[in-house]
1. Which of Lys95/Lys156; Lys95/Lys205; Lys117/Lys188; Lys75/Lys205; Lys73/Lys205; Lys67/Lys117 have a Cα-Cα distance over 29 Å?
2. List the extent of the Cα atoms of the chain along each of their three principal axes, largest first, rounded to whole Å.
3. Quick one: compute a quarter of the convex hull surface over the Cα atoms of the stretch 135-207 and quote it in nm².
4. Taking neighbour Cβ counts within 10 Å as the exposure measure, how do Ser163, Ser99 sort from fewest upward?
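Read-outs: derived from the displayed coordinates by stated rules, not from any lab. Keep in mind it's a predicted model, so treat the numbers as computed, not measured. Ideal geometry is used to build each Cβ from the backbone, glycine not excepted, and the neighbour counts take in all protein chains shown.
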Amino acid sequence: MIRVLLADDHQIVRDGLRRILSAQADVEVADEAADGDRALALVRGQDYDVAVLDMSMPGLSGLDLVKRLKAEKPKLRILVLSMHGEQQYAARALKAGASGYLNKDSAAEQLLGALRKVAAGGVHVSEAAALELIAGRTEDGPPHARLSDREFEVFKQLAGGASPTEIAQRLHLSVKTVSTHKTRILEKLGLGGTAELVRYALEHKLL
């Protein structure tokens, strides 16, 4: 039996996932969480085989949440379910400790296969994301592959239109630290300002 923790801040998404998973004889949806902090608390107190995890939730979320969950339970397998395209997050999610990545658009068709593969010790990722993971380890990778995980989180927020103050609140950083990250991001990407950063994100399909 595969014990699953569902973590997504949208009730309708959790309901849909639970219906798909609960219909399987070898899967048990043991618990649900609507935010990252609750997911972390549950993982600390319970044992699950796989956490099906949304990347964008209130509280602790994203790559930081993946890393914290793996730190608490190294044997926990994590299947990331995200609205973000694989080009944006898959490689980083795997490097942070996830075992698989699914875009929500394809979740209904691929969820069960991905879940069983991850639970059995495998890795689920598309061929395109696997190629990006490899490219990110070489000098031939795109410039944004050289950003640190924190820089990439700030980059994503800036490209989405968030102000440094908003980003600081969301990521629990100081505004000064966010500004420092922004400066480094622009330098690493060879960009002149926020407008160019947004254009870069659009050109590389990171939004």
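1. Values: Lys95/Lys156 18 Å; Lys95/Lys205 20 Å; Lys117/Lys188 36 Å; Lys75/Lys205 33 Å; Lys73/Lys205 33 Å; Lys67/Lys117 21 Å.
Where the Cα-Cα span goes over 29 Å, the pairs concerned are Lys117/Lys188; Lys75/Lys205; Lys73/Lys205.
2. On the principal axes, the chain reaches 55, 33, 29 Å in Cα extent.
3. Working: hull surface 18.2 nm².
For the stretch 135-207, averaging the hull's shadow over all directions gives 4.6 nm².
4. On the way: Ser163 12, Ser99 23.
Least to most surrounded, the residues fall as Ser163, Ser99.
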